[in-house]
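Scroll down for the structure; my scribbles are underneath it.
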Amino acid sequence: MSSVEGQPMKDKTLGAILLLPAAITVLLIGIYPILNVIYFSLNKWDILSPSGTFIWLKNFGYLFTTSDFWNALKNSLIWTVGSVAFQFGIGLALALFLNKKFFARDVYRGLVFFSYLIPTIVIAIVFRFMLNDVTGIIAIAFQRIGLRWGWFASPKTSMMSVILVNVWKYFPFVVVCILAQLQTIDQQMYEAARIDGAGSFQQFRHITWPFILPVVFIVLMLRTIWTIKNFDIIKLLTGGGPLDSTETLPILTYDTVFASFKLGRGSAIAVLMFIILMAASSLYLRLYRRYALESIT
């Protein structure tokens, strides 16, 4: 037991002292910025009011009356649900496939993570070139088979196009998480199920799915949080256009603060995003405790 000036130090006191630097660090880089943004959201901060004027909840009231905010909220929901759904579907299918034994399996496992390792700026440049209506190899190939797709140039197709790029970039995260959990399942359980006459679907439903369900909930929660606040892919590919068809809440926050110089309103959008993320995380955790934990007990 440690001591100070000859007096023995209690374990709780020593633990508190050792945790103090970490607590201060979390306070400075985590809690303080959040409180600062909340403070900004309750004030009028713009180029005409650099010192700030306290206006209570007027910034939030203004947002709820503007079509830009509701359009960004709608786009954020479409962007998040579409991206996470496709990432999970593709990731689950590939994880199940890569869990089987076949020739050069390790090579294919390595190739799956290729897109996840490429910097986002490189991916944006490549896809903007490949999907260009005039010079893009993919766009030209579609035109030659009679399919004209606007990709990033049309408001009708731009959201789906950025979702596809996002899925291609991040589905490996789902693969590696689920595949790691699949490796922990005892193969004797499958052998016993086959002896009892269980088919592939029954084995997946009663053995595989209950074992991977806890990881599935965590993966979905993380991908939802990271996707809804994702900024770089859309900003680099479309900038929120055309005609605000891909403007999500992070893009609207950036434009409000750095283009319109409305720091208070931009902070209000950030606070609303924080509330949405907290609500989504709470929902995932409640579902996790209700279903995932029951599946492994």
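Which residue out of A153, A95, A193 is within 22 Å of L222 (Cα to Cα), of a type in the set (A, V, I, L, M, F, W, C) and either surrounded by 14 or more Cβ atoms within 10 Å (Cβ to Cβ) or within 23 Å of the chain's Cα centre (by Cα) (or both)?
The conditions single out A95.
If G240 passes every condition in (1) buried (at least 18 other Cβ atoms within 10 Å of the Cβ); (2) in contact with a Gly (Cβ under 9 Å, 6 or more places away or on another chain) but one, which one does it miss?
G240 satisfies all of (1) buried (at least 18 other Cβ atoms within 10 Å of the Cβ); (2) in contact with a Gly (Cβ under 9 Å, 6 or more places away or on another chain) except (2).
Scan the range 65-101 for residues that are over 30 Å from S161 (Cβ atoms) and in contact with a helix residue (DSSP H, G or I) (Cβ under 9 Å, 6 or more places away or on another chain) and jot them down.
Once the filter is applied, which keeps residues that are over 30 Å from S161 (Cβ atoms) and in contact with a helix residue (DSSP H, G or I) (Cβ under 9 Å, 6 or more places away or on another chain), the range 65-101 yields only N99.
For the range 210-247, what are the residues that are within 16 Å of I78 (Cα to Cα), of a type in the set (F, W, Y) and either part of a helix (DSSP H, G or I) or modelled with pLDDT under 90 (or both)?
Hit for the range 210-247 is W226, nothing else.
Within the set of pairs 6 or more residues apart or between chains, which connect a residue that is in contact (Cβ under 8 Å) with a residue 12 or more places away in the chain inside the range 39-66 to a residue that is among the charged types (D, E, K, R) and part of a strand (DSSP E or B) with Cβ atoms less than 6 Å apart?
I55/K44
Between a first residue in the range 209-225 that is at negative phi and a second residue that is outside any helix (DSSP H, G or I), which pairs have beta carbons less than 6 Å apart while being 6 or more apart in sequence or on different chains?
F211/I185
Please name all residue pairs, on different chains or six or more residues apart, with Cβ atoms under 6 Å, provided the first residue is in the range 263-284 and is under 17 Å from T66 (Cβ atoms) and the second residue is hydroxyl-bearing (S, T, Y).
Every condition considered, the pairs that remain are R265/T256; G266/T253; G266/T256; S267/S41; A268/S41; I269/T253; A270/T253; V271/S41.
Just to be sure I understand, how many residues within the range 42-101 are within 30 Å of W168 (Cβ to Cβ) and of a type in the set (A, V, I, L, M, F, W, C)?
Final tally of qualifying residues: 20.
Just to be sure before I move on: is T238 within 13 Å of the chain's Cα centre (by Cα) and within 30 Å of I121 (Cβ to Cβ) in the structure I sent?
For T238, the condition - within 13 Å of the chain's Cα centre (by Cα) and within 30 Å of I121 (Cβ to Cβ) - is not met.
For the range 248-267, which residues satisfy the criterion of being in a loop (DSSP other than H, G, I, E, B) and at negative phi?
Answer for the range 248-267, where residues must be in a loop (DSSP other than H, G, I, E, B) and at negative phi: T248, S260, K262.
Of all residues in the range 160-174, how many are in contact (Cβ under 8 Å) with a residue 60 or more places away in the chain and in contact with a helix residue (DSSP H, G or I) (Cβ under 6 Å, 6 or more places away or on another chain)?
The qualifying residues number 10.
The values are calculated or read from the model by the stated rules, or taken from the named source; none is laboratory data. Everything numeric here is computed off the predicted structure, so don't read it as measured data. Neighbour counts run over all protein chains shown; Cβ positions are idealised from the backbone, glycine included.
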